[in-house]
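Q: Sharing a structure here in structure tokens format.
Quick note: the coordinates plus some simple rules give every number you see, no bench work behind them. Bear in mind that the values here come from a model prediction, so they are computed numbers and not experimental data. Reconstructed Cβ throughout: ideal geometry from the backbone, glycine too, with neighbour counts over all protein chains shown.
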Amino acid sequence: MDRNAAYGSIRKLLVELFEIDPEKITFDANLYQDLDIDSIDAIDLAVEFKKQTGRQLAPDEFKKIRTVGDVVDVVCGPSEAS
């Protein structure tokens, strides 16, 4: 999955699961501070992520996720620009 497709899927999940305004969802948006995701929501997001991609986040990956871009990096691997 390319970065744009991953971003689109993640954005759609955030809108559907948590009714977040799509305009707030950017690569740099902090899941916890900017989008008001709490720890239970983050677990729900990880479960839904697994359902849609078939990939389970490893605990060390899950702990590092802070932004929407971090989620994209987990899905696609870090961008070369990082």
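Q: Pairs of lysine in the chain with Cα under 21 Å and at least 8 positions apart or on different chains: total?
A: 8
Q: When each pair of different Cα atoms in the range 3-76 is counted once in the 1/r mean, what is the Kirkwood radius in angstroms, to one decimal?
A: 12.1
Q: Under unit Cβ charges (Lys, Arg +1; Asp, Glu -1), what dipole magnitude, rounded to 20 debye, does the range 3-76 have relative to its Cα centre?
A: 400
Q: Another one. At a Förster distance of 22 Å, what's the computed FRET efficiency of Q52 paired with E19, Cβ-Cβ distance as r, to 0.05?
A: My answer for the efficiency is 0.75.
Q: List the relative contact order of the range 2-57 as a percent without decimals, with contacts defined as Cα pairs under 8 Å and 6+ residues apart.
A: It rounds to 24 percent for the range 2-57.
Q: Report the residue, chosen from E48, E61, E23, that carries the largest GNM mean-square fluctuation when the chain is represented by alpha-carbon nodes joined by springs under 10 Å.
A: E23
Q: Could I ask something else about it? Choose one answer from A46, A58, A29: the residue with the largest mean-square fluctuation in a GNM of the chain with alpha-carbon springs under 10 Å.
A: A58
Q: Name the residue from S39, Y7, Q52 whose Cα lies farthest towards the positive end of the charge dipole of the chain, charges +1 on Cβ of Lys and Arg and -1 on Cβ of Asp and Glu.
A: Value computed over the given set: Q52.
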